[in-house]
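Laboratory data are not the source of any read-out in this text; all were calculated from the coordinates shown. In this text, all values refer to a predicted model and were calculated from it rather than measured experimentally. Glycine gets a Cβ as well: all are built from the backbone with ideal geometry, and neighbour counts include every protein chain shown.
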Ligand code: SF4
């Protein structure tokens with residue numbers, strides 16, 4: 001190994017706009033919001049980040065009962081409105097870090113319901129983002145994760161559709177085309193966020209060329225695990241790490257191109273640490 005080894009970071013990798021924004025709001029809250037400061041649920045699915053936040057004084061509350069004073073930070077994927085009301089009633093300062101793209105889904109859901117459409121939320125039942133969207137739909141929405149879910153729903157003539165931000169375009173298209181066969185009017189507001197898809201495409205493109213792929217991010221992060229899966233289908237030597245300390249020189253034996261990518265819940269500092277460690281282990285001259 002040596003200077004012929006190249007490290008390449010995928011064109012789209014690491015935290016998305018909404019998570020970056022939530023992290024920066026948490027850092028501001030640690031410095032200036034009424035203490036103690038808690039996030040309501042983990043701010044992102046990354047145990048390392050949760051620990052780092054705790055070190056700066058931002059604790060983790062699973063429910064409002066665990067945050068009886070000070071401030072609560074609402075996560076990027078949002079909550080049902082009643083949670084924010086309940087927090088305010090308890091006298092807590094609310095720092096709403098709901099991603100603006102998720103808010104867009106909330107507003108679209110409210111508008112479609114107000115216009116009299118039966119609302120379908122294309123998404124994963126039980127996911128906190130989907131629960132939050134449902135909370136903006138006046139109790140009248142139904143969650144559909146694939147076309148088979150439509151069987152159990154008594155559809156009205158006019159159906160409105162919004163989408164969990166991380167859904168795929170293919171799944172949305174399948175469900176909408178089935179709906180158009182069954183009802184008179186389908187009004188779709190496509191609320192898919194491109195961040196997930198961009199990361200997956202960039203990871204696949206790099207994994208096709210790389211000798212080794214390193215995926216950096218929480219093992220409990222769904223989007224990071226999905227990146228690891230996409231890469232392992234294209235590059236046999238794919239490794240998923242949470243932290244640079246897990247990297248092993250033996251993984252990079254005879255590698256010329258080492259690809260690095262990270263899920264939407266991995267801060268750029270963690271990607272940088274992984275690249276620096278790979279450089280130390282392999283003697284790679286530079287990262288690009
Ligand atoms: S994936 Fe998209 S919608 Fe979700 S937090 Fe990130 S930027 Fe916002």
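What order do you get for 170-176, 188-194, 30-36, 156-162 when each peptide is scored by the mean count of other beta carbon atoms within 10 Å, highest first?
On the way: 170-176: 16.0, 188-194: 18.1, 30-36: 14.1, 156-162: 20.0.
Put in order of decreasing packing, that is 156-162, 188-194, 170-176, 30-36.
If I histogram all Cα-Cα distances within segment 69-126 using bins 5 Å wide from 0, what percent of pairs lands in each bin?
Pair shares across the bins are 4, 16, 21, 23, 16, 12, 6, 2, 0.
What is the angle, in °, between the Cα long axis of helix 100-114 and the longest principal axis of the Cα atoms in the chain? Nearest 10 is fine, range 0 to 90.
Long axis of 100-114 versus the principal axis of the chain: about 20 degrees.
Nearest 10 degrees is fine. How inclined is helix 17-32 to the longest principal axis of the chain, computing both from alpha carbons?
90 degrees
How much length, in nm to one decimal, is gained on full extension between residue 69 and residue 127, taken as 0.36 nm per residue of separation minus their Cα-Cα distance? Don't skip to the answer; put the middle values down first.
Details: separation 58, 0.36 × 58 = 20.88 nm, distance 2.70 nm.
Contour length minus the Cα-Cα distance gives 18.2 nm.
Sort out for me the Cα centre separation of segment 98-146 from segment 185-251, rounded to whole Å.
If we compute the Cα centre of each part, the gap is 27 Å.
Between 0 and 90 degrees, rounded to the nearest ten: what's the tilt of helix 222-234 against the longest Cα principal axis of the chain?
50 degrees
What percentages, rounded to whole numbers, describe P(r) for segment 95-212 computed over all alpha carbon pairs with 5 Å bin width beginning at zero?
2, 11, 21, 22, 18, 9, 7, 5, 3, 1, 0
For residue 232 and residue 249, compute 0.36 nm times the residue count separating them, minus their Cα-Cα distance, and round to one decimal in nm.
Result for the pair: 4.2 nm of gain on full extension.
Fewest Cβ neighbours within 10 Å first, please rank 107, 38 accordingly. Don't skip to the answer; put the middle values down first.
Working: 107 13, 38 23.
Ascending Cβ contact count within 10 Å gives the list 107, 38.
Subtract the Cα-Cα distance of residue 96 and residue 28 from 0.36 nm times their separation in residues, and report this length gain in nm to one decimal.
The residue 96-residue 28 span can extend by a further 23.2 nm.
Limiting things to C-alpha atoms, what are the Rg and the maximum Cα-Cα separation (Dmax) for the chain, in angstroms?
Every Cα atom of the chain included, Rg and Dmax give 21.3, 66 Å.
What are the extents of the Cα atoms of segment 17-98 along their three principal axes, listed from largest to smallest and rounded to whole Å?
On the principal axes, segment 17-98 reaches 31, 23, 20 Å in Cα extent.
Listed highest first by mean packing, meaning other Cβ atoms within 10 Å per residue, what order do 80-89, 17-26 come in?
17-26, 80-89
Mind giving me the FRET efficiency for residue 115 and residue 208? R0 is 41 Å, r the Cβ-Cβ distance, nearest 0.05 is fine.
After rounding, the FRET efficiency stands at 0.35.
So the label point goes 7 Å from the Cα of residue 52 along Cα→C-beta, right? Which residues of segment 14-39 then have their backbone N under 14 Å from it?
14-16, 19-28
Would you calculate a helix-derived [θ] at 222 nm for the chain, using -39,500 (n - 2.57) for each DSSP H run of n ≥ 4 and dividing by the full residue count, to the nearest 500?
-12500 deg cm²/dmol
Would you mind checking segment 123-159 for residues with the amide N under 19 Å from a putative spin-label position 7 Å along Cα→C-beta of residue 86?
In segment 123-159, the label zone of residue 86 (backbone N under 19 Å from the point 7 Å along Cα→Cβ) covers 126-140.
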